[in-house]
Every structure is written in C-alpha cells, then in structure tokens.
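Q: Sharing a structure below in structure tokens format, with a few things to ask.
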Protein chains: 2
Amino acid sequence: MKTKPKLICPICGAEYNEPVQRCSCGEPVEFELFEGEPYIGKTVWERFWDFWPVEPALELSLGEGDTPLVKSRIGKELGVKLYLKNETVNPTWSFKDRGTFLTMSYALKAGYKAVGTVSTGNMAASVSAYASRFGLDAKILVSENASDEKLRAVSVYGGDVIRVRGDYGRLYFESLKLGERLGVYFINSDNPFRVEGYKGIAFEIAEELIPDYVLIPTSSGGLFRGIAKGFIELKEIGLIEELPTLIAVQAEGCSPICRAFKEGREKIERFENPKTIAKAIANPYPPSGNAVLKLLREFGWLCVSVSDEEIIEAQRKLASEGLFVQPASATGVAALEKLTESGVISEGSNVVSILTGSGLKTLSHVEGGKIVECPLEGLENCLR
Amino acid sequence: MKTKPKLICPICGAEYNEPVQRCSCGEPVEFELFEGEPYIGKTVWERFWDFWPVEPALELSLGEGDTPLVKSRIGKELGVKLYLKNETVNPTWSFKDRGTFLTMSYALKAGYKAVGTVSTGNMAASVSAYASRFGLDAKILVSENASDEKLRAVSVYGGDVIRVRGDYGRLYFESLKLGERLGVYFINSDNPFRVEGYKGIAFEIAEELIPDYVLIPTSSGGLFRGIAKGFIELKEIGLIEELPTLIAVQAEGCSPICRAFKEGREKIERFENPKTIAKAIANPYPPSGNAVLKLLREFGWLCVSVSDEEIIEAQRKLASEGLFVQPASATGVAALEKLTESGVISEGSNVVSILTGSGLKTLSHVEGGKIVECPLEGLENCLR
C-alpha cells in the first residue's frame, strides 16, 4: 500500500499531494494507479490490500463487498452469458457501502469528527450508517422535496438530516466548500476515496471470470470511474490481458453523458427537466460526467440510454428470476436487450451487469401482482 | 453426502425412509445427523458438502449464506464480546433464503412443478423469489389481514398470492395436506430440508470463533432447530469441543415456548391474543415448539422473552452502529442486556446474536428521526 499516493486530475492533468476532493479546474481528481499483487484473504479489502489509497479500518467493517455474481437465464434468451453482480446484499443494501467504508476509514484516520453527504437515497443511508458505525457525526443534506417516508431509512441511523431549500444542484459544490471550512468531511458521489472503493467490484468480477462487457448504471459517474480504474489496474499488473468494454447506462429521461457522447462533445451539459422512474441515476449534471466521457472516448467504450418502459420490463424480468432491484439497477439488463438486438454485443459474449440497489428501497413505486381471495374451505380449488 | 438419509421424529422417535414433512404423531421430523469433513470452497454449500440432505443446486443459487459476522460495540458496554450474524444481506434480505434454497433444490430434483408456503413476511418473499429462480410455480398463502403494501414485496416475484379467509393457524396443516394431494410441495417454516439449510449459520460461525452463547429470535422454531443441529453435528465429528449455550428469544407478547419452558411443561400451548411489534416472530402456536422445548431441556439451554420497549431500544442501538434490522431481529440484543444484568451471561463471554431480517421490510413501523429545515443561504449555520 502506497503511503502517500498522489491525486491527479483526469481532465487537465494537474497533480496534488494532499487529499483534495476536486481539481482547481473544477473537475474531480483521482488517485494515481496502484500496483501490487493479490493475496489470499476472506475479504476483498484483504485480498487487494496493495490497491487501496488508505488502510481499510477492518475492525469497523460491516461486511461490505464480496457480493455474489449470479448467472442469469436472461442471457440465454439473448444469446450471451449474463452474470449479475448483486450489490443489493451490501450492509445498507446498495453498492455505496464499498465507497463509504473506504472513505470513512480515511476520515477517521485524518481526525475528522463529522462527515456529510448530499443525497436523498442510497448514499444518504450508507453515509448515515457508517458514520454511526465509525462514531462520527453525520450531516445528511437532502432536497426539499424528499419524502418523509424515504428519509426514514436514513434518519434511523441517528445522523442529522437537513432538508435544504434552494437549488439542489448547487448543494454538491456548496457542501464541499462549507465542509472544508467547518471541518466536516463531505463524502459525495465521486469523492476520490469513494471511487477507489468501487474498484472492488472489478477485482471480484475478475476473480471469477473475464467479462467482454460490463454494464454500469451511471449517474454522477463515480461508480463507472471506480470499476474502470479497477480493471485498468488489473491490466497494468498483468492479471488480465484485455480490458472489458465498459458500458455506461443512463435513463433516457436523464442522460447527460450519453447525449454529450452521441453529439461528440467533450463536456456534458445540464439535462433540463429530468424525468425518469430511475431516480437513483437521475443526476442532471453529473460531477464526474466529463471524466466518464473521456474514459469512453479513450478506450472506445459505450454509453446507452433506455426508456422507463424498458426499465420496468427489465425490473420485472429480474424479479422473475428472484432478484428484486430498484429501477436504476435494471437499466443494465434493459440496455443489454438493445445491444444484442442491434448486434453491438455479439453472441456468446460474457456480460456482467451491476445490480446497484435493493428493490425494497423503492417499494412504493412497485406495482403489486394480482392477489386472489379465497375462503379456507375452498382452498383446494384455489390451489388447482 | 448420504444418498437416502433417514428422517426421525425428535419427540416420539419414529423413523421414516421417505421425505415426509411431519411425523404421524403430529410433530415435525428431522434428518438424522450427518458426518463428514469440511472442504475448501467459496460457498458454505461447498465447504460443508457432506452435511446436506440433498445436493444443493449450485447453478441456481442466488448467493444465499456466507453472511458477515460483525463485531459489535454493544458488547463492550455489557462486558462481553458480541458478534452479530448479519442475515439481512441474503438475496431476499432474510435468513429464510438459506432454507428455501436447499428445500427448492429438493423440490426440483423430486420433480415437483409447484411449491407453496404459508407466510405474510420474509418466508413468502423468499419462497416466491426462489420459485421464480427455479422455474417452479408458487402458491403463497397469506392471511386475510395482510396489507397490500406488505404483499407487494412478495407478488413482485411473480408467484400466485392467495389471501385466505379463515383460521390462519389451521392453514399450516391444511396446506401440507392439500399440497400432498395436489402435488404442490409446501415449504413451510419448519420443513425438514429448510431446517437443514439453517445449519450453515452454525457452520459459518464456527469457522470464525467458538461462541459461548448464541441468541436466536424464535417463532416457529425452525431456525433454532437448524442452528442447534449444525452445532451438534460439528461436535459429533470433533470440530468443536463444546456446544455453545443456545438461547431462544421470544417477544413477551407472544412467547408460547418460553412460557411452557418456565412452567416446566413438555408441550406448548397456544398463546392467546398475541400482541407484539416483532411480527416476524409472532407465531402463537409454533409447529416446532415442542421440539425446541425438548432441545432446551436436553442441553440445559435457555428461553428468554423481551418486551416491545426493550425490542425498540435494541433496534435503535443496532441502527446506531449501522445495522438497521426488523424488530424481531433486535430481540437477541434486547435479551443480552437482561442476561448480562442478571449475571446469567458472565463477563468476557463470546456471544453471537442472529440478525434475521432487514429493517427495510418494516419501514412503515419505524419512527423517523428529526429533520431540520434549512435554506441554502443559511446552510453554514445549520452545519455548525
């Protein structure tokens, strides 16, 4: 493990020796590439010990990561081998826990007494939970229209939930600025430690198979950048020979990265009036959008958007093989259908799709199935 | 792995060579003890291959089991070493998946086209999910007062949800009888294959430490019997030297096993007017109640009941270290407080408590924390 790894801006190339969160050019920074070798160990943190920017606080782990890779029969219908990386079985039931745990390990070591985040969903729950676990105060900033119901799964962990009236997009940058001044470490969606935590997904996949394609629901871009860096590091040290083709998947109703990619632009633009059922990936101005765009170009990767109808249908298909996910998590499978139909993904390919968060989190949006009423005396007929 | 293991009635001793579900005396049957040795392997199914009554259908696994054992700081306050076995990170977010997967492996092999269960909660979701995964029809029988909201997390998997008007207690036995006639394999709470699946919890705990006490939220008794059999098998083959003391934990408002235990009776009696916040363990006439009672007596184990207030307080404490569980899952920690106070569990003991299911499943019962309102311009003050 490097003792003081450098941070680099992937856009302008500026370098930092201190753990800043963003480059002075406004873009996110990221840690230099790590190298080392894998070890035998129970957790992904131990097996890939050389590859983390800070020592994981193992004694405070809640068991995040090391999630199952489930073979899906949806692949068979489409002529590919499809595997689902089930991140819904993390401690707060989303992939966020991997990044939160690693960032919290840094915050504790750096002496912070309070952490924060800007989120109404998975990240808010994850940061609240780990802050409690690590004994740190939590400041969870949520938008004014976040429902009380949704916030119950956040406030239960005991942090301060603060509903902020005003432009929610500005909150991301305001929180970093204020946090620095007040000694509150903000763990937002593409915090450089958080992004490193997501590398574990790439490491675990590579322990089981070498995918040709990886489908990644993409909002802020933090998850995409983390998985990309994981595979790149594995290739650099010779553990894999080829990089898989990574595919950023967005909802049509909020697809700023795919739009810029398609139009050949180098910078994303704010997506006005976002509207999609996939709330967890509905960031209209993703803070890592330009960095993701650059990765897509550099490696010849892809961005695909899918409609709400396609998302709902994919969510239903996943449930019908036992995996109940939130709408955002179904976008990968929805995109796969398009990509196999159009021949972009060829027959027999190894494909992994990331299931990012549990369907229980968006239960109130789920259409229930039909319920049959039956008297006990007539049960036999009802069972036939 | 034994090819045709015997089933034995733990109460009257009758033996069966066919996979019946219950003894003619009315009590549950259980498989004879298995022996063998552990192997190196990724999943608990592979590592304890010799110990299952049927070959686990690994290619259809959803990744159930192999859950984290989390060290808790609640133990420190109480002067013991407390570890939490986090079963909330199973594929349908409860321990039921272990038993469901193994039973479904049997049902598929035996040629059944349909399976069923009687449940409104964790088991209903689990059986629906795995039925879909295994390509079997599902008949989920629920009581007439089950809310539509609760059933949404069940019907999403695509099985038939049947709301039955009439005595819910009778449904358990009626379903077994009708199922046999109609070729629907009912996977109820203490099905003998299901109970075997729960042994994995004991095996995984023993891979990490030798507990002095294991706290087990107890309703039908299936989970308790499974964990007990797991430890007994480990002792029989010499992998552990002493059995831990197992503690059945019930809610005061529905504690038929603890009541019979305390009163020195050999048979449980129906608990009239059950009333507790811990709905997942509120079975007033547990079908494995007498079998659990016998185990408690035979090994000098314990039964402890806790009040709703104690449960809510324990649920809050668990959340404040990052683990959000349903009320039933908090009963173990609530019992631990009583048992350390009274000196039954002595200082320095190794204690494991089983966290059976996710708090997201009972979100509407959770009291939300305070939410602070704040204008963006005043954010600095709100963060101080």
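Q: How many residues does region A:41-55 hold that are over 25 Å from A:Y16 (Cβ atoms) and charged (D, E, K, R)? Before the answer, list the steps.
A: Taking region A:41-55 first, the residues over 25 Å from A:Y16 (Cβ atoms) are A:41-44, A:46-47.
From what's left, charged (D, E, K, R): A:42, A:46-47.
Count: 3.
Q: Please pick out the residue among B:A314, B:A282, B:A278 that is of a type in the set (G, A, S) and at pLDDT 95 or above. Walk me through how you get there before you give the answer.
A: Values: B:A282 fails: at pLDDT 95 or above; B:A278 fails: at pLDDT 95 or above.
Of the residues listed, the single one that is of a type in the set (G, A, S) and at pLDDT 95 or above is B:A314.
Q: Hey, among the residues in region B:159-180 that are among the charged types (D, E, K, R) and at the interface with chain A (Cβ under 8 Å from one of its Cβ atoms), which one's nearest to B:G135 (Cα to Cα)?
A: Result: B:D160.
Q: Would you mention how many residues in region A:346-384 are farther than 21 Å from B:P91 by Cβ, touching an Asp or Glu at 6+ places or on another chain (Cβ under 8 Å) and in contact (Cβ under 8 Å) with a residue 24 or more places away in the chain?
A: Going through region A:346-384 one residue at a time, the tally reaches 3.
Q: Moving on to the next point. Got at least one residue in region A:311-318 being away from every other protein chain (no Cβ under 14 Å), crowded, with 19+ Cβ neighbours inside 10 Å and not acidic (D, E)?
A: Yes, there is a match, as at least one residue in region A:311-318 is away from every other protein chain (no Cβ under 14 Å), crowded, with 19+ Cβ neighbours inside 10 Å and not acidic (D, E).
Q: Can you go through A:A129, A:A125, A:A138 and tell me which one is more than 9 Å from chain B (Cβ to nearest Cβ) and not basic (K, R)?
A: Step by step, each of A:A129, A:A125, A:A138 is checked, and only A:A138 is more than 9 Å from chain B (Cβ to nearest Cβ) and not basic (K, R).
Q: Residues to consider are A:L78, A:L60, A:L69; find the one that is farther than 23 Å from A:N350 by Cβ, at pLDDT 95 or above and touching a strand residue (DSSP E or B) at 6+ places or on another chain (Cβ under 9 Å).
A: A:L60
Q: Considering region B:152-170 alone, what residues qualify as being aliphatic (A, V, I, L, M) and crowded, with 20+ Cβ neighbours inside 10 Å? Steps first, please.
A: Quick first cut of region B:152-170, residues aliphatic (A, V, I, L, M) only: B:153-154, B:156, B:161-162, B:164.
Those that are aliphatic (A, V, I, L, M) and crowded, with 20+ Cβ neighbours inside 10 Å: B:A153, B:V154, B:V156, B:V161, B:V164.
Q: When you look at A:V156, is it at the interface with chain B (Cβ under 10 Å from one of its Cβ atoms) and hydrophobic (A, V, I, L, M, F, W, C), yes or no? Working first, answer last.
A: Numbers: at the interface with chain B (Cβ under 10 Å from one of its Cβ atoms): yes; hydrophobic (A, V, I, L, M, F, W, C): yes.
In short, yes.
Q: While we're here: Looking only at residues in region B:116-159 that are of a type in the set (S, T, N, Q) and touching a Ser or Thr at 6+ places or on another chain (Cβ under 7 Å), which one is modelled with the lowest pLDDT?
A: Checked region B:116-159; the qualifying residue modelled with the lowest pLDDT is B:T120.
Q: For region A:27-46, enumerate the residues that are within 14 Å of another protein chain (Cβ to nearest Cβ), touching a residue at least 40 places away in the same chain (Cβ under 8 Å) and out of contact with any Asp or Glu (no Cβ under 8 Å at 6 or more places or on another chain).
A: The answer is A:W45, and nothing else.
Q: Give the residues of region B:181-191 that are in contact (Cβ under 8 Å) with a residue 24 or more places away in the chain and more than 7 Å from chain A (Cβ to nearest Cβ), sorted by residue number.
A: Result: B:G183, B:Y185, B:F186, B:I187, B:N188, B:S189, B:D190, B:N191.
Q: So for region A:239-247 (the condition being under 28 Å from B:L379 (Cβ atoms) and either at pLDDT 95 or above or in contact with a Gly (Cβ under 9 Å, 6 or more places away or on another chain) (or both)), does at least one residue qualify?
A: no
Q: Of these, B:E196, B:E149, B:E174, which one is in a helix (DSSP H, G or I), in contact (Cβ under 8 Å) with a residue 60 or more places away in the chain, of a type in the set (D, E, K, R) and surrounded by fewer than 24 Cβ atoms within 10 Å (Cβ to Cβ)? Reasoning before the result, please.
A: Values: B:E196 fails: surrounded by fewer than 24 Cβ atoms within 10 Å (Cβ to Cβ); B:E174 fails: in contact (Cβ under 8 Å) with a residue 60 or more places away in the chain.
The unique qualifying residue is B:E149.
Q: Here is a further query. When only residues in region A:341-384 that are crowded, with 16+ Cβ neighbours inside 10 Å, in a helix (DSSP H, G or I) and under 24 Å from the mean Cα position of the chain (by Cα) count, which is farthest from the other protein chains (Cβ to nearest Cβ)?
A: Top of the filtered list is A:T362.
Q: All but one of (1) more than 15 Å from A:I277 (Cβ to Cβ); (2) of a type outside the set (D, E); (3) touching a residue at least 24 places away in the same chain (Cβ under 8 Å) hold for A:L318; which doesn't?
A: Exception for A:L318: condition (1).
Q: Determine whether region A:256-278 contains at least one residue that is under 18 Å from the mean Cα position of the chain (by Cα), surrounded by fewer than 24 Cβ atoms within 10 Å (Cβ to Cβ) and either of a type in the set (S, T, N, Q) or not in a helix (DSSP H, G or I) (or both).
A: Looking through region A:256-278, at least one residue is under 18 Å from the mean Cα position of the chain (by Cα), surrounded by fewer than 24 Cβ atoms within 10 Å (Cβ to Cβ) and either of a type in the set (S, T, N, Q) or not in a helix (DSSP H, G or I) (or both).
Q: Also, quick follow-up: Restrict the check to region B:97-114 and report whether at least one residue is under 29 Å from A:W93 (Cα atoms), within 8 Å of chain A (Cβ to nearest Cβ) and under 21 Å from the mean Cα position of the chain (by Cα).
A: no
Q: Looking at region B:199-221, which of its residues are touching a Ser or Thr at 6+ places or on another chain (Cβ under 7 Å), over 21 Å from B:A125 (Cβ atoms) and buried (at least 24 other Cβ atoms within 10 Å of the Cβ)?
A: Scanning region B:199-221 gives B:Y213, B:L215.
The values are calculated or read from the model by the stated rules, or taken from the named source; none is laboratory data. No experiment lies behind these values; they were computed from the predicted model shown. Neighbour counts run over all protein chains shown; Cβ positions are idealised from the backbone, glycine included.
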